[in-house]
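*Asks:* What follows is a single structure, and I will ask about it in a moment.
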Amino acid sequence: MSKTKVLFAAAEAVPFIKTGGLADVAGSLPYAFDRDQYEVRVILPCYTCISPRYRSKMKDVMHTVMHFNGRDRYLGLRELDLNGITFYFIDNEDYFGGSGPYTDYTYDIEKFTFFCKAVLAILPIINYQPDIIHCHDWHTGLIAPYLKTTLNWDPFYQNIKTVFTIHNLKFQGLCGRDFLCGISGLPWHLFAEGALCSGSGGNMMKGAIQFSDKITTVSDSYAEEIKTPEYGETMDGMLQWRSPDFCGIVNGIDYETFDPKTDPSLAVHYDIDTVAKGKAASKAALQKELGLAVEKDSFLIGIVSRLTEQKGLDLIIPALDRLTKKPCQFVVLGTGDYIYERTLQEYAAACPDRMKACLLYDEALSHRIYAGCDAFLMPSRFEPCGLSQLIALRFGTLPIVRATGGLKDTVIPYDKAGLNATGFAFENYDWGGIHWALDVALDTFLNHRRAWNAMRKNAMRQDFSWPSSAKKYEALYRDVLG
Ligand code: ADP
Ligand code: GLC
């Protein structure tokens, strides 16, 4: 029997380009499918900011011109095989130049519309006909609308199915309706009648929700939440309407990349049997590296995150006093909104032995924080899945989370499960909630060490590696192919 051919389309994938969890998923999930039955390839933009380490290894596959937004544009395709998975890269330096994958929002709309059209344009040229295109987030939102409208006369495309995964409903690719209609060349009636517009604006993700054969998101709880007005970002009605074809599949993480036993970024390695010693040494090393007081009994709490409203920064800021008072210490690694960055920096400057703010993106340092902290704070306002808490669990660092979306589905709270717990969770998004959870965690750390140590082992015993989620995607693919 021939293998099912799946093409992942995404704006980011590790190890080439990453700003958040989307990259972890698009770059690691392809490796988890049964290779005897599925042949998964990945297509990304060929950003000039991808490291020369990878760019130099890419092979040119073809180049042509594609008519787009009023003129003929260069369209190149490059390819790189990484550990048995083929990665394709759509090349156009005008669109994918610059120091990062995203520029300003309007330009991003244009460049990802180009990306969607280009992904489909190259397929017949390279004679590659996937059974399924699995699209991720709004950047790929127009692929399904193109397939189901302007391209549906062409037998080459007629049997290609689409799956669309929502990683974050907050970002939908909103823009002017006439602008999106003009650049995409998609029929006007899609914009007039609603498939590609919300209110009077254009909406790329809505097109994907309307036209994809199946829709998924990255946890069961978030799948339920976004069918309600509170979390639905105006798409709740659409998602309810599509609910027979919509489900949640929780994310995993790559257990080789995130492994305290072998992690090359760590000076001290440990596993579940050596966690007590290993974490104590990792904590001392981290405190020293960050210039914090080296104190084994201080409760060291870490954050590795985009510094935005989604991640609960407006609960964290008022909690800073508490977080930086003895016997707590606090480290944050992240970049984001100026106001949060500045406030964190000011607090850190005022108490350098208790708090450190690292306002940068640093993969290796993030691993040392996951390993060296006692607890990991993630009080998100909403969280489609969240990978950081999964990484924290893997490193035996207990998550303190708000019980929402994927956080609710992956952290077992102490107040409900006692010694079987893996972390701490509060329900309501308010200061009372976060203070309560921080107090319970601190009390457990200081006064109930046996419980703390048991929870740490439970955390490390959890299995959030990819195989079980990959099986669910395989079942979904079988379903979509009938
Ligand atoms: P989101 O995708 O919403 O940002 P996730 O928890 O799904 O949140 O994924 C975030 C990923 O990005 C994790 O792998 C996390 O470790 C990583 N990350 C976030 N900020 C930084 C940073 N400043 N430095 C290094 N890694 C970071
Ligand atoms: C998004 C979400 C995050 C999720 C990630 C990968 O960035 O904010 O919760 O883990 O995508 O699916």
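The values are calculated or read from the model by the stated rules, or taken from the named source; none is laboratory data. Predicted, not measured: the structure shown is a model, and the values here were computed from it. Don't worry about glycine lacking a Cβ; one is built from the backbone with ideal geometry, like all the others, and counts go over all protein chains shown. With ligands, DNA and RNA removed, areas are computed over all heavy atoms of the protein, side chains included. Shrake-Rupley method; radii C 1.70, N 1.55, O 1.52, S 1.80 Å.
*Asks:* Answer with one residue from L292, S469, Q389: the one whose Cα lies farthest towards the positive end of the charge dipole of the chain, charges on Cβ with Lys, Arg +1 and Asp, Glu -1.
*Replies:* L292
*Asks:* Could you size up the charge dipole of segment 199-287 around its Cα centre, putting +1 on the beta carbon of Lys and Arg and -1 on that of Asp and Glu, and report it in debye to the nearest 20?
*Replies:* 200
*Asks:* Then there is this: With r defined as the distance between the Cβ atoms of D271 and E346 and R0 fixed at 35 Å, what FRET efficiency is calculated, to the nearest 0.05?
*Replies:* The value I calculate is 0.35.
*Asks:* Scan the chain and report its longest stretch carrying no GluC sites (Glu not before Pro) that are both in a DSSP loop and have at most 11 other Cβ atoms within 10 Å.
*Replies:* Answer from the scan: 1-229.
*Asks:* Also, I was wondering about something else. What distance in nm lies between label points placed 7 Å from Cα along the C-beta direction at C247 and R55?
*Replies:* Computed distance between label sites C247 and R55 equals 4.2 nm.
*Asks:* Please name whichever of V401, A11, N168 sits farthest to the positive end of the charge dipole of the chain, dipole taken about the Cα centre and charges placed at Cβ: Lys and Arg +1, Asp and Glu -1.
*Replies:* V401
*Asks:* Does the chain come out rounded, prolate or oblate, given a ≥ b ≥ c as the square roots of the eigenvalues of its C-alpha gyration tensor, rounded meaning a/c under 1.5 and, failing that, prolate meaning a/b above b/c?
*Replies:* prolate
*Asks:* Mind listing which trypsin sites (Lys or Arg not before Pro) in segment 10-84 are in a DSSP loop and have 14 or fewer other Cβ atoms within 10 Å?
*Replies:* For trypsin sites (Lys or Arg not before Pro) across segment 10-84 that sit outside H, G, I, E and B with at most 14 neighbouring Cβ atoms in 10 Å, the list reads R35, K57.
*Asks:* Further, regarding this structure: For Cα pairs less than 8 Å apart in space and 6+ apart in sequence, what is the mean separation divided by the residue count of segment 275-463, i.e. the relative contact order in percent?
*Replies:* 21
*Asks:* Gain in length, I339 to E295, computed as 0.36 nm per residue apart minus the alpha-carbon separation, to one decimal in nm?
*Replies:* Length gained between I339 and E295: 12.8 nm.
*Asks:* Another question, then. Want the number for Q240 to W431: 0.36 nm per residue separation, take away the alpha-carbon distance, what's left?
*Replies:* Full-extension gain reported as 65.6 nm.
*Asks:* Name the long-range amide H neighbours of V61: under 5 Å, sequence gap of 5 or more, or other chain; modelled H, no Pro or chain starts.
*Replies:* Amide H neighbours of V61, under 5 Å, 5+ apart: L77, R78, E79.
*Asks:* Based only on Cα atoms, what Rg/Rh ratio does segment 1-93 have, Rh being taken as Kirkwood's radius?
*Replies:* When Rh is taken as the Kirkwood radius, the ratio is 1.00.
*Asks:* Assuming 0.36 nm per residue, please report the length gained on full extension of the stretch T48 to A192 beyond their Cα-Cα distance.
*Replies:* 48.2 nm
*Asks:* Between rounded, prolate and oblate, where does segment 275-463 land on the alpha carbon gyration tensor, with a ≥ b ≥ c its root eigenvalues, rounded for a/c under 1.5, else prolate if a/b exceeds b/c?
*Replies:* It comes out rounded by the Cα gyration axes.
*Asks:* Please give the per residue accessible area of segment 275-463, computed with a probe of 1.4 Å over protein heavy atoms only, in Å².
*Replies:* 38
*Asks:* Follow-up question, since we're still on this one. Relative to the Cα centre, what is the charge dipole magnitude of segment 117-228, using +1 at the beta carbon of each Lys and Arg, -1 at the beta carbon of each Asp and Glu, and rounding to the nearest 20 debye?
*Replies:* In total the dipole reaches around 160 debye.
*Asks:* Putting +1 on Lys and Arg Cβ atoms and -1 on Asp and Glu Cβ atoms, find which of H367, G433, G334 reaches farthest to the positive end of the dipole of segment 275-463.
*Replies:* Looking along the dipole axis, the top candidate is H367.
*Asks:* So how strong a dipole does the chain carry about its Cα centre when Lys and Arg Cβ are +1 and Asp and Glu Cβ are -1, to the nearest 20 debye?
*Replies:* 840
*Asks:* Still on this model: Per residue of the chain, what 222 nm ellipticity follows from adding -39500 (n - 2.57) for every DSSP H run with n ≥ 4, rounded to the nearest 500?
*Replies:* -11500 deg cm²/dmol
*Asks:* Follow-up. Mind giving me the FRET efficiency for F156 and T103? R0 is 35 Å, r the Cβ-Cβ distance, nearest 0.05 is fine.
*Replies:* Once rounded, the FRET efficiency stands at 0.60.
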